[in-house]
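The next block holds one structure in the form of structure tokens; read it before the comments.
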Amino acid sequence: MLRELYPVETIERTAEIIGFSRTTIKVKARKFGIVKGMNVEWLDKATVVRNNFDSHSFAEIADMIGATKTTVARIAGKLGLRRTRKENRHIRSRVRKDMVKREKRRVIFGFDPVTRIKVVTNRRRIRLRAELKAAGYIVERMANILYFKSEDCRNLNKENIASRHGLRFAPWPYEEEPLVNAI
């Protein structure tokens, strides 16, 4: 019975059918030279791991085969697959670039971010906002409107460039409140 069941059944199931403990089943199988047969499902997963090991991360491969990253790592280890530092850097870089692209799309369309990666959708506009703020403009947070307090402090050249990048300018709508002495 052991010769028939052990190669195709799990050790637990074999022990249950024969009526011995798991340890006894393993010891007897080793004594008689009986080995487990290859699991077809494992072979399919191993093929996917081998074919994608050089170009995909463990997480991506795990998604492909419907397993965990740990399972992918174990399969790669059994197959003797190893990556160099350069290959690891290349894969991490590609994965990070993909994440940044996804986060940028989410920001552009107004969705909440999924990761904590800070993305900048328009670097030039961000720089212009900072330069104009340093020049005395009042920058409203989370808006593309910059306010100026007087016509004298305006920089029309920078305003023209900034308006091409989507920034708008308006006079400061609030009057300065006089300080009132507390009694």
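If we keep just the residues of the stretch 118-144 that are of a type in the set (A, V, I, L, M, F, W, C) and at pLDDT below 85, which is farthest from K104 (Cα to Cα)?
The qualifying residue farthest from K104 (Cα to Cα) is V139.
Okay, residues lined up against (1) under 21 Å from P7 (Cβ atoms); (2) among the basic types (K, R):
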{"residue": "F32", "(1), (2)": "yes, no"}
{"residue": "V35", "(1), (2)": "yes, no"}
{"residue": "H56", "(1), (2)": "no, no"}
{"residue": "I75", "(1), (2)": "yes, no"}
{"residue": "R85", "(1), (2)": "no, yes"}
{"residue": "N88", "(1), (2)": "no, no"}
{"residue": "S93", "(1), (2)": "no, no"}
{"residue": "M99", "(1), (2)": "no, no"}
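Within the stretch 115-130, identify whether any single residue is in contact (Cβ under 8 Å) with a residue 12 or more places away in the chain, open to solvent by 70 Å² or more (accessible area, probe 1.4 Å) and farther than 30 Å from L156 by Cβ, and answer yes or no.
No: the stretch 115-130 contains no residue that is in contact (Cβ under 8 Å) with a residue 12 or more places away in the chain, open to solvent by 70 Å² or more (accessible area, probe 1.4 Å) and farther than 30 Å from L156 by Cβ.
For the stretch 49-59, indicate whether the set of residues that are farther than 20 Å from E87 by Cβ, surrounded by 11 or more Cβ atoms within 10 Å (Cβ to Cβ) and touching a helix residue (DSSP H, G or I) at 6+ places or on another chain (Cβ under 8 Å) is non-empty.
no
Name the residue that is most open to solvent (accessible area, probe 1.4 Å), counting only residues in the stretch 87-111 that are more than 12 Å from the chain's Cα centre (by Cα) and over 28 Å from D44 (Cα atoms).
Per the criteria, the residue is F109.
The values are calculated or read from the model by the stated rules, or taken from the named source; none is laboratory data. Nothing here was measured: the structure is a model prediction, and the numbers come from that model. Note: ideal-geometry Cβ built from the backbone for every residue, glycine included; neighbour counts use all protein chains shown. Just the protein is used for accessible areas: all its heavy atoms, side chains included, with ligands, DNA and RNA removed. Shrake-Rupley method; radii C 1.70, N 1.55, O 1.52, S 1.80 Å.
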